[in-house]
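The values are calculated or read from the model by the stated rules, or taken from the named source; none is laboratory data. Just so we're clear, the structure is a prediction, and the values are computed from it rather than from any experiment. Every residue, glycine as well, gets a Cβ built from its backbone with ideal geometry; the counts of neighbours run over all protein chains shown. The accessibility values were calculated without ligands, DNA or RNA, using every heavy atom of the protein model including side chains. Shrake-Rupley method; radii C 1.70, N 1.55, O 1.52, S 1.80 Å.
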Amino acid sequence: MYDQKKVEEKWQQIWEANQLFQQSEGGDNHKNGGAVGDNIYLLFAFAYPSGNGLHVGHVESKTALDILARYYRMKGKNVFFPVGWDAFGLPAENYAIETGVHPSKTTVSAIDTFRRQIKRIGISYDWANEIATSHPEYYKWTQWLFLQMYSKGLAYQKDGKVNWCPSCQTVLANEQVVEGLCERCDTQIEQKDMRQWYYQITKYQDELISGLDEVNWPNATKAQQLNWIGKKTGINITYKVEGVNKPGGADEITCFTTRPDTNFGATFIVIAPEHELATKIASGEIRSKVFDYLDKASKKTELDRQQEGKKKSGVFTGLYAINDLTAKKMPIWISDFVLGGFGTGAVVGVPGHDVRDFEFADYINKLDKTGDQRIEVIRVVVGQDGDESEITKVAQVQEEQGLMINSDFLNGMSIHDATKKIMDYMEEKGWGKRVTSYRLRDWLISRQRYWGTPIPVVYDPEGNPHPVEQSYLPWKLPTDVDFKPTGESPLKSSQEFAERTRKYAVEVYADLITKKGWDVSGEGWRPEFDTMDTFVDSSWYFLRYTDSRNPDVFAKTEQIEKWLPVDLYMIGPEHIVLHLLYSRFFTKFLRDEGYFNFSEPFVKMRHQGMILGPDNKKMSKSKGNVISPDEIIEKFGADTLRVYEMFMGPLESDKPWDTRAVVGIYKFLQKVHRLVAELESEDVLGEAKVELQRKLHQTIKKVSDDIPKLKFNTAIAFMMEFVNLWQNVMIKENKTLSIKDKIAFIGVLAPFAPFLADELFEIISKKMSSETIYSGIHQTSWPAFSQELAKDDLINIPIQINGKVRAQLEVESDKVGDEKAIFNMIEGIESIKKYIDGHEIKKKIYIKGKIISLVV
RNA sequence: GCCGCGGUGGCGGAAUUGGUAGACGCGCGAGACUUAAAAUCUCGUGAUAGUAAUGUCAUGUGGGUUCGAUUCCCACCCGCGGCACCA
C-alpha cells in the first residue's frame, strides 16, 4: 500500500520548486532541448473560471492533452502547453448582481481555485504564460483588434433586431435564447430594434468554407460549420410589377430561388413583412390591411411562431408581377413565412412543387369566397409515382425528383438538367442572374453588459463615432458602476468613464471642437457604453499565448510563426460552430494584415465527449448526479482519477461514470507500486523472463502507437495486460524485470500516472545511488522498443473450413511466409481431417500470418 | 423534414486497407490465505445443448457481395446531437 495522497502532494511540490514545465515568456523551452522544427503546440479550449471549480469533464480533456505534452517532451520535442482564462462573461456579472461582490473579485478567487485543482491533478501547464481576458494588458489588444477591423471597414454599426429579455432587462446573444425563452429566467424573448456594432465575418464566408479542406477535424464538425454558413447557389429572378396603384420605384421585384426549373408553374409571389416594398407599395383600403398585418407580425415572438407551427397567414398587396415565361399575372402577397433575412426576402410561389407554397395557396383559396384571389396550382413535374393528375393534396406535392411537363422547352428533361437550362435561358434574356446565398450573418458584437471588454469608441456631440486612439489603450473598464440591470448599459452609471471621455475629447479632438464651436470642456461627448461579446476575447487568445507579456504588439510574428498553427486543439463539442468560426475569421483577417502567413489556426482538432452521471444522464446539480473530482482524489488519488478517465472509453464519445469501476484502476496502480517497490526478487534469466521482456517491448510499442492517436483506453488496457503477466511471473517463478526494464515501464506509465511514476523512479534511483539532486522520470527519454525483442516466436493461425474456424496451426514466426510448408502442415492435423476427408478441396487460401481458409 | 453521429455480453468498452467477435476493466460465481474480516492471489464467466470432447446460434432488423462481414453495398428500425417555414 502506498499513500497516494502523500506521495502526490510531495511530487507536486517538487515539480513546482523545480519549475519543471514552466517555460520562459514566449514559450521557450530550455528544459528538453528539442531541435528547431520539433515545436508542438497543444491547446486546451479557453475555460471560463466558474465558481464551481473543476468538474470531471475538465479532468478528462486536460489529462488527455497532458499525456500528449508529457509524451512529446520525453520524445525530445519542444512542447508549448499554455493555460488561460476566458474571464469576462455573464455568470460573474450575474453573481455580482445577486451578492454585490465585484466580478473582478469573484473572478480572481475562481481562478485561484481552478489553478490549485489543476495543479493537484498534475497538469503540466506552462504557467509562465498564463493569461486572462479581463486583464487590461490582454483586453488592450482585444480593443486594438477592434481598431484594426474598424480601419478596414470590418467593424461597423447598423440598426437591427436583437433578442431582448424583459425580465433581465438586457439583450441576449442568440445562443442564450433557448426555444424562444431566456436561458436564465425562462422569460419570453422579444425582438427589439437597436443600433449595434458588427464584425463583417461574411467577407470571409467563401474562405471559411474552402479552408475546411485543409484541416484535420472531425467530419461532423466540418458538416456543422458548413451547415451554419449555409452556402446555396440559385438565381435571382426579377419580375416586372404591374400595380393597381403604381408606387414610386416599385416596378420590379426580385426573388431568390434554387428551383427555377419549376418557374412555368409559378403563380404568385410572397414577400417578407420586413421587405422594403411591404410598406411602400400598398395604398388605400389595402394599405390599412397591410399595416395591420405588419403590426401583428412584428409583435410575434419566437415562441408565437413556434406555437403557430406551419399555419399560414398573409395579406394581399393589390399588386401583380408578370411571369415572363407564361405572361401570367402573379399576385404579390405579404406573409411572415417568408424570412426577411434570407435571399432577397421575396419568394416566387410554385404551389405544385413546394409544400410551403402549396399550404399558402391552399390557405388563400379556402379563404377566398369570391374567387378573385384564387391561386392556381399547376403541375410541372411528374415524379416517380407517375401521377400526372391535378395537384389537390399536400401529398401530391413533388419536390425531390422527376421529369418536366407543362413547361414548354423544358418538357421531358430531369429537374436537374432543367434547372441548368432555365438558368442559362433567364440569364440570356436578362430576367435573372445566378447568385449565391448564405445563411451566415455578420457578427453582432455589442452587449449591454458590464463585465466585458469596452468597445473603444467615443461619440461627439453630434453623435458621430470616433475610435479611441491606440495610444490611449487599454480603454479601461470603469469600476464605479452600478451593475443592477436597468435596461441600459451599466457603464452609463460611471462618473469616471464620462469624465475620462470628456478629458480624452479635449486632448485629442481640440481642433475639431474649436472648428465646430463645441463646448471646450468636452461637454456633449460620451463613450460607447456597450462592451464586447466574450466570444471576441476568445477568438485570438491562442495568438497571445505565444508572446503573452509583450507590451508593444499583440504577439510578435516570429513568436506566432514559431508555434502556430496549433498542432492539436482540444475543445468541447458545444463550441463547434461559433468559437471556431470566429477564431478562423480573426486568423484570416490578421493574415491579410500581414502579421503571419498561415490561414487556418487549428490544424488538428478533436472533441472530448461528455462524462455523464452514473445514471447515464448529463451531470447536473438538480439531478443530483454530479461526481466531484475532489472526492475521487481524496479517496483514490489524482493518478487514479486521471487513468480512470482515460480508461473509460474513446475520448470523443460520451461515457457514463461508474464509481465502482474506479477501484479497478486504483488496484492496478497499487499493483504496479507493489511490483516495483515492495516485492523483492532476483533478476534471473530464464524462459519466463524472455516472455515478460517480449511483452514489455510490445507494451512500449503499443503505447507509443496509441498516444498520438489519442487511444488512451487501449494503451492502458495493454499496460494492464503487461502488469498482470509481470505479477504472474513474479508469483509463480519469483522472477522479475531488470532495473533497466523496470525503468522503461515506469517511463511508459509516466504520462498517465505522473506522480506514481516519479515516486517509483525515485525508489529505484535510491537503491542504485545516493544522489539527492532531483532528476525525475519526466526528464528522461521515452523508452525505446526493440522490434526484435517484441516479436513473438510462435504465431497462431486459425484454419477455416467453409468459413468456420475448425482448428489452429502454430507456426514459428520466421516460417509464416512459406505457403507451401503451411499447407503441408495442415494435412497432418487430426482435428480437420474429418472435415476434409472424402471431400475435394476446391479452394485453398492463405493470408500470410493471418488465416488459412479451405473450401470443400 | 434536413444534416451529422451511433447501435457489440449483466455494464463501460476491444477488434475494421474484410481474416479466431467479446482484449482490458467492472460486476458475478467458485476457491486459496485468515480464528474472522479487510487486503491480496488463483480459476471461471455471451446464449444454448451436452458429463465431456464438441456442436449450434450470436455484433439493432431484413437482404446482398465474399472462401470469410461488427467491418463493404441496398432497404429499414431505434437512440443521440445540431439546424429548421432557408424558397
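In the stretch A:129-141, which residues are under 23 Å from A:PHE81 (Cβ atoms) and crowded, with 18+ Cβ neighbours inside 10 Å?
Of the stretch A:129-141, the ones under 23 Å from A:PHE81 (Cβ atoms) are A:129-135, A:137-138, A:141.
Residues satisfying the conditions are A:ASN129, A:ILE131, A:ALA132, A:THR133, A:SER134, A:TYR138, A:TRP141.
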Being of a type in the set (Val, Ile, Thr) and in contact with a Gly (Cβ under 9 Å, 6 or more places away or on another chain) is the filter here, so list the residues in the stretch A:789-823 that pass it. A:ILE795, A:ILE797, A:VAL811, A:VAL816
Of the residues that sit in the stretch A:631-648 and are open to solvent by 10 Å² or more (accessible area, probe 1.4 Å) and in contact (Cβ under 8 Å) with a residue 24 or more places away in the chain, which one is nearest to RNA strand B (Cβ to nearest atom)? A:MET648
Among what's in the stretch A:334-353 and is in a loop (DSSP other than H, G, I, E, B) and among the hydrophobic types (A, V, I, L, M, F, W, C), pick the residue that is farthest from the chain's Cα centre (by Cα). A:VAL350
Among residues belonging to the stretch A:217-244 that are more than 11 Å from RNA strand B (Cβ to nearest atom) and hydroxyl-bearing (Ser, Thr, Tyr), point out the one that is farthest from A:LEU325 (Cα to Cα). A:THR238
Limited to the stretch A:569-592, what total is found for residues that are open to solvent by 10 Å² or more (accessible area, probe 1.4 Å) and over 9 Å from the mean Cα position of the chain (by Cα)? 3
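Quick one: how many residues across the stretch A:3-21 are within 16 Å of RNA strand B (Cβ to nearest atom) and either open to solvent by less than 20 Å² (accessible area, probe 1.4 Å) or not in a loop (DSSP other than H, G, I, E, B) (or both)?
Filtering the stretch A:3-21 down to residues within 16 Å of RNA strand B (Cβ to nearest atom) leaves A:3-4.
Filter once more, keeping what is either open to solvent by less than 20 Å² (accessible area, probe 1.4 Å) or not in a loop (DSSP other than H, G, I, E, B) (or both): A:4.
Count: 1.
Residue-wise test of (1) acidic (Asp, Glu); (2) part of a loop (DSSP other than H, G, I, E, B); (3) at pLDDT 90 or above; (4) surrounded by 14 or more Cβ atoms within 10 Å (Cβ to Cβ).
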residue: A:GLU242; (1), (2), (3), (4): yes, no, no, yes
residue: A:GLY248; (1), (2), (3), (4): no, yes, no, no
residue: A:THR254; (1), (2), (3), (4): no, no, yes, yes
residue: A:THR262; (1), (2), (3), (4): no, no, yes, yes
residue: A:ILE269; (1), (2), (3), (4): no, no, yes, yes
Quick check on this structure: which one of A:GLN727, A:GLN779 is surrounded by fewer than 20 Cβ atoms within 10 Å (Cβ to Cβ) and closer than 14 Å to A:LEU692 by Cβ? A:GLN727
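If you check A:GLY803 against the conditions, is it of a type in the set (Gly, Ala, Ser), at pLDDT 80 or above, open to solvent by 50 Å² or more (accessible area, probe 1.4 Å) and touching a strand residue (DSSP E or B) at 6+ places or on another chain (Cβ under 8 Å)? Before the answer, list the steps.
On the way: of a type in the set (Gly, Ala, Ser): yes; at pLDDT 80 or above: yes; open to solvent by 50 Å² or more (accessible area, probe 1.4 Å): yes; touching a strand residue (DSSP E or B) at 6+ places or on another chain (Cβ under 8 Å): yes.
Criteria met by A:GLY803.
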For the stretch A:655-674, the count of residues that are assigned to a helix (DSSP H, G or I) and either touching a residue at least 60 places away in the same chain (Cβ under 8 Å) or more than 6 Å from RNA strand B (Cβ to nearest atom) (or both) equals 10
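Can you spot a residue in the stretch A:832-843 that is within 26 Å of A:GLY747 (Cα to Cα), open to solvent by less than 30 Å² (accessible area, probe 1.4 Å) and either within 16 Å of RNA strand B (Cβ to nearest atom) or charged (D, E, K, R) (or both)?
If we filter the stretch A:832-843 for residues that are within 26 Å of A:GLY747 (Cα to Cα), which is where we start, we get none.
No, the stretch A:832-843 has no match at all.
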Restricting to the stretch A:703-724, name every residue that is more than 10 Å from RNA strand B (Cβ to nearest atom) and either open to solvent by less than 10 Å² (accessible area, probe 1.4 Å) or touching a helix residue (DSSP H, G or I) at 6+ places or on another chain (Cβ under 6 Å) (or both). A:VAL703, A:ILE707
Scan the stretch A:481-527 for residues that are outside any helix (DSSP H, G or I) and either under 20 Å from A:GLU137 (Cα atoms) or aromatic (Phe, Trp, Tyr) (or both) and jot them down. A:PHE483, A:TYR509, A:TRP518, A:TRP525
Check off (1) part of a loop (DSSP other than H, G, I, E, B); (2) closer than 26 Å to A:VAL566 by Cβ for A:VAL101 and give me the number that stays unchecked. (2)
Could you tell me whether any residue of the stretch A:24-39 is out of contact with any Leu (no Cβ under 9 Å at 6 or more places or on another chain), under 28 Å from A:GLN608 (Cα atoms), modelled with pLDDT of 90 or more and buried (at least 22 other Cβ atoms within 10 Å of the Cβ)? no
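Which residues, taken from the stretch A:55-87, are part of a loop (DSSP other than H, G, I, E, B) and either among the small types (Gly, Ala, Ser) or surrounded by 23 or more Cβ atoms within 10 Å (Cβ to Cβ) (or both)? Can you show your working first?
Residues of the stretch A:55-87 that are part of a loop (DSSP other than H, G, I, E, B), as a first pass: A:55, A:75-77, A:81, A:86-87.
A:GLY76, A:PHE81, A:ALA87, listed by residue number.
Would you be able to say whether some residue in the stretch A:736-756 is within 11 Å of RNA strand B (Cβ to nearest atom) and either out of contact with any helix residue (DSSP H, G or I) (no Cβ under 6 Å at 6 or more places or on another chain) or within 23 Å of A:GLY122 (Cα to Cα) (or both)? Give the steps one after another, and end with the answer.
The first filter runs over the stretch A:736-756 and keeps only residues within 11 Å of RNA strand B (Cβ to nearest atom), leaving none.
For the stretch A:736-756, residues within 11 Å of RNA strand B (Cβ to nearest atom) and either out of contact with any helix residue (DSSP H, G or I) (no Cβ under 6 Å at 6 or more places or on another chain) or within 23 Å of A:GLY122 (Cα to Cα) (or both): absent.
Return yes when A:GLY341 is surrounded by 19 or more Cβ atoms within 10 Å (Cβ to Cβ), within 15 Å of RNA strand B (Cβ to nearest atom) and among the small types (Gly, Ala, Ser) and no when it is not.
For A:GLY341, the condition - surrounded by 19 or more Cβ atoms within 10 Å (Cβ to Cβ), within 15 Å of RNA strand B (Cβ to nearest atom) and among the small types (Gly, Ala, Ser) - is not met.
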What tally of residues in the stretch A:88-104 results from selecting those that are touching a residue at least 60 places away in the same chain (Cβ under 8 Å) and either under 22 Å from A:LEU543 (Cα atoms) or of a type in the set (A, V, I, L, M, F, W, C) (or both)? 6
Of the residues that sit in the stretch A:363-376 and are of a type outside the set (S, T, N, Q) and touching a residue at least 24 places away in the same chain (Cβ under 8 Å), which one is surrounded by the fewest Cβ atoms within 10 Å (Cβ to Cβ)? A:GLU376
Tabulated pairs, the stretch A:825-854, first more than 14 Å from A:GLU810 (Cα to Cα), second in a loop (DSSP other than H, G, I, E, B), C-beta under 7 angstrom, 6+ apart or interchain: A:TYR835/A:VAL856; A:ILE836/A:VAL856; A:HIS839/A:VAL856; A:GLU840/A:VAL856; A:ILE841/A:VAL856; A:LYS842/A:VAL856; A:LEU854/A:ILE841
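If I ask for residues that are modelled with pLDDT of 95 or more and more than 9 Å from A:GLN143 (Cβ to Cβ), which ones from the stretch A:450-460 would you list? Explain how you work it out, then say what you get.
We begin by selecting, within the stretch A:450-460, every residue modelled with pLDDT of 95 or more; these are A:453-459.
Listed by number, the residues that qualify are A:VAL457, A:VAL458, A:TYR459.
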Can you name every residue in the stretch A:809-818 that is touching a residue at least 12 places away in the same chain (Cβ under 8 Å) and surrounded by fewer than 14 Cβ atoms within 10 Å (Cβ to Cβ)? A:GLU810, A:GLU812, A:SER813, A:GLY817
On the basis of being at pLDDT below 80 and near RNA strand B (Cβ under 10 Å from one of its atoms), does A:LYS299 make the cut? no
Of all residues in the stretch A:675-693 being touching a helix residue (DSSP H, G or I) at 6+ places or on another chain (Cβ under 7 Å), open to solvent by less than 40 Å² (accessible area, probe 1.4 Å) and assigned to a helix (DSSP H, G or I), which is modelled with the lowest pLDDT? A:ALA688
